[in-house]
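Notes follow the structure.
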There are 2 protein chains.
Amino acid sequence: MKTTITDVAKAAGVSIKTVSRVINNEPSVRQPTREKVMTAVKSLNYQPNLAARNLAGTKSYSIAFIYDNPNAYYVIDMQNGILEACKKQGFELLIHPCRAKSENLIEEITDMIKHSRIAGLVLTPPFSEMPEFVEHILTLDIEVVRIMSGDIAPDDIAPCIMVNDHEAALSITQHLVDLGHKNIAFIAGEAEHMSTVERLRGYKKALKDNDIELDTQLIVNGEYSFESGVQGAKQLMAEKNKPSAIFCCNDEIAAGALFAARLLGINIPEQLSIAGFENSPFSRQTWPRLTTAHQPNPKIAEDAAKLLIAKSRKQQAKSIVTHYTPQLIVRDSTSNVT
Amino acid sequence: MKTTITDVAKAAGVSIKTVSRVINNEPSVRQPTREKVMTAVKSLNYQPNLAARNLAGTKSYSIAFIYDNPNAYYVIDMQNGILEACKKQGFELLIHPCRAKSENLIEEITDMIKHSRIAGLVLTPPFSEMPEFVEHILTLDIEVVRIMSGDIAPDDIAPCIMVNDHEAALSITQHLVDLGHKNIAFIAGEAEHMSTVERLRGYKKALKDNDIELDTQLIVNGEYSFESGVQGAKQLMAEKNKPSAIFCCNDEIAAGALFAARLLGINIPEQLSIAGFENSPFSRQTWPRLTTAHQPNPKIAEDAAKLLIAKSRKQQAKSIVTHYTPQLIVRDSTSNVT
DNA sequence: TCTGAGCCTGACAGCGTTGTCATTATTTGG
DNA sequence: CCAAATAATGACAACGCTGTCAGGCTCAGA
């Protein structure tokens, strides 16, 4: 039933080693031989056995994705993107949900790496933002690619895919300014997340660019949750200097702010503009639909995985840095100041 | 660095075969010997290499999860549950997103199964509801566990985890009846999904139990989407015999209905009660929060994976059927008829 | 035509584990 | 207490592939 390399070798009339060379794109195979083998491979629908490959060779054909993120849409998007790259390169993906704050995180990951030989790790926040963790993983002699917020990479110990939340936040804030808003509030996510830091930085930059004075009363701390949006908006609307617009650190917070506005009898967007960030599915399912910023997560993840695979094959010497900027999407939750 | 069975054998002063026996819980190992080995295993933190196991043995230590479901929360919950079972049993999980309606679905899955030796498949809708697909997979000599809607298993060719949507829908509808509603509408999901069929059946049963005549005008076809909820609710509220309550086939539809109500200036729940189904995260993030039914997806998935693993080890002779019933959660989107 | 350099190809061992079967220890019955 | 039966253990091949290295082939230059 299952086709082995031996079958292909017989069919092509060559040794298994030659088939192996063709499969792995090694040089030193004459063109006619290569073609004979390719034909046999196709006609037998042969695919190399990953277990045997991992066992026999020095190369690995597995990468892993660890996650600790309450946002299921984000995780699925990442996973699908990574899987896409894996499929194309004949790699296998190991999925490993775990707690970033776990006592024995390093031990857990180290064990995983030792037990199933892994070429590398795709790291998303919060893992990508834990330098000591990244460094430790690198000592294990495996590759790492980090997806993180920022416009410049923090170091060059490992490749980075930088998501320019700063610029995207700037666009969103600029959009609000363009609508005539001056009192623009900001509801933050967890302060230790780089995404929060970068989005806040973009917000401040936009204000500064437009000579709008920063009112620190309009910045409220929070976390990436609906509840936090509810609380944040309530608090803001109780200030003497009420905002006419709120930029929420993500869509979930924005949904919470919408909820609070409803509670307080405030019409959106007539009396208050609200913007989110992420373009998650429910940013299209709120009333009104959210103005937000979109980032192509599956694409980013596929890129990251590709990079990781290339690096593990030593096809890529230096640590590369790639950039993505989330794009503004204007919907119905923001409007002109009246 | 990595510990092999040979290291353990040396440490315990036995042959590698004996270590293998202990690891695999085979009989014919004397108790003292077993303990010596166990001690060595622990002190060396040994875990068998999966690639070698899959390659050498006749048993497999991998199961796969294929999905085609727009609901990321559902997929992640399932995945986490399955991974939990895998971790406990030393199995590896292969993740495979694919399109159920793809021309070459069977070919694709067959290839995957042949390519990486797989013990079994966890099937969720829509795959679990495709009998010809399930039968084909079974001919490949691997195990299958299906998670599906209904109160009785459709057949006994493979184990089923039945989710009793019928009874849960009955509870929800009964809840609406108890609040005094008589004109209760139903917005359906895709008609070909068993979940739709079962939920509709529960709805009808509840009406009948309470001697409420079924008004077919109050049942609208739809699909599991926000947009469908918007359209469905608009249509219903345009009828001469307007409903005082709408039971939506899932939370997303309910969110759409909420959206439509907002558009039409209808207050929820004062003028109209709306109930969802699923208890997805955004059922807590709508205004008002949705009354819905909760099912413990991670638990269900873990159960399914456990069953699959047991079956693959022939520890389970007959096809088992397990049952779960989603539980009513009353929130703020339903209230008394006024 | 011969020789050597360089390019191709294949034989063989080994990756870490399990299956088979032979061998050795232990128990049981007479 | 001994033979036979049974239980426990180990030696070795095999799983499907890759790495190493030796050997064969080709072709240019003399």
Condition check: within 12 Å of DNA strand D (Cβ to nearest atom) and either surrounded by fewer than 21 Cβ atoms within 10 Å (Cβ to Cβ) or in contact (Cβ under 8 Å) with a residue 24 or more places away in the chain (or both). Does B:VAL19 satisfy that? no
Can you find a residue that is away from chain B (no Cβ under 14 Å) and part of a helix (DSSP H, G or I) anywhere in the stretch A:237-256? yes
Looking at the stretch B:85-94, is at least one residue more than 8 Å from chain A (Cβ to nearest Cβ) and within 12 Å of DNA strand C (Cβ to nearest atom)? yes
The condition of being surrounded by 23 or more Cβ atoms within 10 Å (Cβ to Cβ), within 18 Å of A:ILE187 (Cα to Cα), away from chain B (no Cβ under 14 Å) and touching a strand residue (DSSP E or B) at 6+ places or on another chain (Cβ under 6 Å) holds, among A:SER283, A:SER273, only for A:SER273
A:ILE76: facing another protein chain (nearest Cβ under 10 Å), of a type in the set (Val, Ile, Thr) and either buried (at least 21 other Cβ atoms within 10 Å of the Cβ) or within 23 Å of B:ILE109 (Cα to Cα) (or both), yes or no? yes
Here is a check on your reading of the model: is B:LEU83 surrounded by 22 or more Cβ atoms within 10 Å (Cβ to Cβ) and away from DNA strand D (no atom under 16 Å from the Cβ)? yes
Name the residue that is nearest to DNA strand C (Cβ to nearest atom), counting only residues in the stretch A:23-40 that are surrounded by fewer than 21 Cβ atoms within 10 Å (Cβ to Cβ) and among the hydrophobic types (A, V, I, L, M, F, W, C). A:VAL29
Those residues that are under 19 Å from A:GLU84 (Cα atoms), in contact (Cβ under 8 Å) with a residue 12 or more places away in the chain and within 8 Å of chain A (Cβ to nearest Cβ), I need them from the stretch B:103-127; list them, please. B:SER116
Is it the case that the stretch B:195-205 has a residue that's within 14 Å of another protein chain (Cβ to nearest Cβ), charged (D, E, K, R) and under 25 Å from the mean Cα position of the chain (by Cα)? no
What number of residues within the stretch B:250-266 satisfy the criterion of being modelled with pLDDT of 95 or more, surrounded by fewer than 19 Cβ atoms within 10 Å (Cβ to Cβ) and not aliphatic (A, V, I, L, M)? 0
Restricting to the stretch A:41-56, name every residue that is loosely packed, with under 15 Cβ neighbours inside 10 Å and either at pLDDT 95 or above or away from DNA strand C (no atom under 12 Å from the Cβ) (or both). A:LYS42, A:SER43, A:ASN45
Kindly list the number of the only condition in (1) in contact with a Phe, Trp or Tyr (Cβ under 9 Å, 6 or more places away or on another chain); (2) within 14 Å of chain B (Cβ to nearest Cβ); (3) surrounded by fewer than 21 Cβ atoms within 10 Å (Cβ to Cβ); (4) not basic (Lys, Arg) that fails for A:ALA100. (2)
Taking B:GLU190 as the residue in question, decide whether it is farther than 28 Å from A:GLY265 by Cβ and more than 14 Å from chain A (Cβ to nearest Cβ). yes
Taking the stated definitions as given, is A:ALA301 crowded, with 24+ Cβ neighbours inside 10 Å, under 22 Å from A:ALA64 (Cβ atoms) and not polar (S, T, N, Q)? yes
For the stretch A:126-166 the number of residues that are in a loop (DSSP other than H, G, I, E, B) and surrounded by 21 or more Cβ atoms within 10 Å (Cβ to Cβ) is 2
One residue is enough: does the stretch A:219-234 have a residue meeting the conditions in contact with a helix residue (DSSP H, G or I) (Cβ under 7 Å, 6 or more places away or on another chain), farther than 27 Å from A:GLN295 by Cβ and at pLDDT 95 or above? yes
From the options A:PHE282, A:PHE247, residue that is of a type in the set (A, V, I, L, M, F, W, C) and modelled with pLDDT of 95 or more: A:PHE247
Taking the options A:LYS114, A:LYS87, name whichever one is in contact with a Lys or Arg (Cβ under 7 Å, 6 or more places away or on another chain) and under 30 Å from A:LYS17 (Cβ atoms). A:LYS114
Against the condition acidic (Asp, Glu), within 16 Å of DNA strand C (Cβ to nearest atom), touching a helix residue (DSSP H, G or I) at 6+ places or on another chain (Cβ under 8 Å) and not in a loop (DSSP other than H, G, I, E, B), how does B:ASP7 come out, does it pass? yes
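Quick grid of which residues meet (1) among the hydroxyl-bearing types (Ser, Thr, Tyr); (2) touching a residue at least 24 places away in the same chain (Cβ under 8 Å); (3) within 9 Å of DNA strand D (Cβ to nearest atom):
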site	(1), (2), (3)
A:GLY13	no, no, no
A:VAL41	no, yes, no
A:LEU44	no, yes, no
A:ALA51	no, no, yes
Looking at B:LYS59, B:LYS2, can you tell me which residue is within 15 Å of DNA strand C (Cβ to nearest atom), loosely packed, with under 13 Cβ neighbours inside 10 Å and within 13 Å of chain A (Cβ to nearest Cβ)? B:LYS2
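The values are calculated or read from the model by the stated rules, or taken from the named source; none is laboratory data. Model, not experiment: these values are computed from the prediction. Every residue, glycine as well, gets a Cβ built from its backbone with ideal geometry; the counts of neighbours run over all protein chains shown.
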